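Working notes for the structure below.
The values are calculated or read from the model by the stated rules, or taken from the named source; none is laboratory data. Because the structure is a prediction, the values reported are computed rather than measured. Cβ placement follows ideal geometry from the backbone for every residue including glycine, while neighbour counts extend to all protein chains displayed.
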Ligand code: SF4
Ligand code: SF4
């Protein structure tokens, strides 16, 4: 999923992904969720805090099933969280936009100058006719 979103970040708006969210008031800090997770996406630290790394979660729900206290529930999260910013691509896009803006400016200036030359030629033609 991460690879697909990296190539086409705009797809994030069409994707619904779910990951576990813990209700710490119910959690007994047993660690069963971390032991059951096949991707090590969920962890319980020494202080008993449960944390989930959404990019590594495959949404299997195993942690929710094994939790003895019903402290976990699967909730939707924004899939754009999985898109890692590509600094090179962003810089390239910025340079392209700048080059396009400059080209449009030169085009506008060129058109303006052509119009002035056209007006001058027209006036010369009118002057010749009136002589
Ligand atoms: S839903 Fe599956 S992959 Fe995600 S944290 Fe729970 S056990 Fe791990
Ligand atoms: S399995 Fe449930 S009770 Fe145990 S640590 Fe995980 S969230 Fe807390």
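Among the residues of the stretch 22-38, the ones that are more than 10 Å from ligand 2 (Cβ to nearest atom) and more than 15 Å from residue 65 (Cβ to Cβ) come to 1 in all. Taking the criterion of being within 9 Å of ligand 1 (Cβ to nearest atom), within 19 Å of the chain's Cα centre (by Cα) and under 26 Å from residue 16 (Cα atoms), would at least one residue in the stretch 89-106 satisfy it? There is no residue in the stretch 89-106 that is within 9 Å of ligand 1 (Cβ to nearest atom), within 19 Å of the chain's Cα centre (by Cα) and under 26 Å from residue 16 (Cα atoms).
Tell me, which residue of the stretch 15-40 that is modelled with pLDDT under 95 and surrounded by 13 or more Cβ atoms within 10 Å (Cβ to Cβ) is farthest from ligand 1 (Cβ to nearest atom)? Ranking the candidates gives 15 first. Is it the case, given these coordinates, that residue 93 is loosely packed, with under 12 Cβ neighbours inside 10 Å, away from ligand 2 (no atom under 15 Å from the Cβ) and closer than 30 Å to residue 11 by Cβ? Yes.
Please verify whether the stretch 103-117 includes one or more residues that are out of contact with any strand residue (DSSP E or B) (no Cβ under 9 Å at 6 or more places or on another chain) and under 30 Å from residue 7 (Cβ atoms). Yes. The set of residues from the stretch 58-68 being part of a loop (DSSP other than H, G, I, E, B) and within 14 Å of ligand 2 (Cβ to nearest atom) comprises 61, 67, 68.
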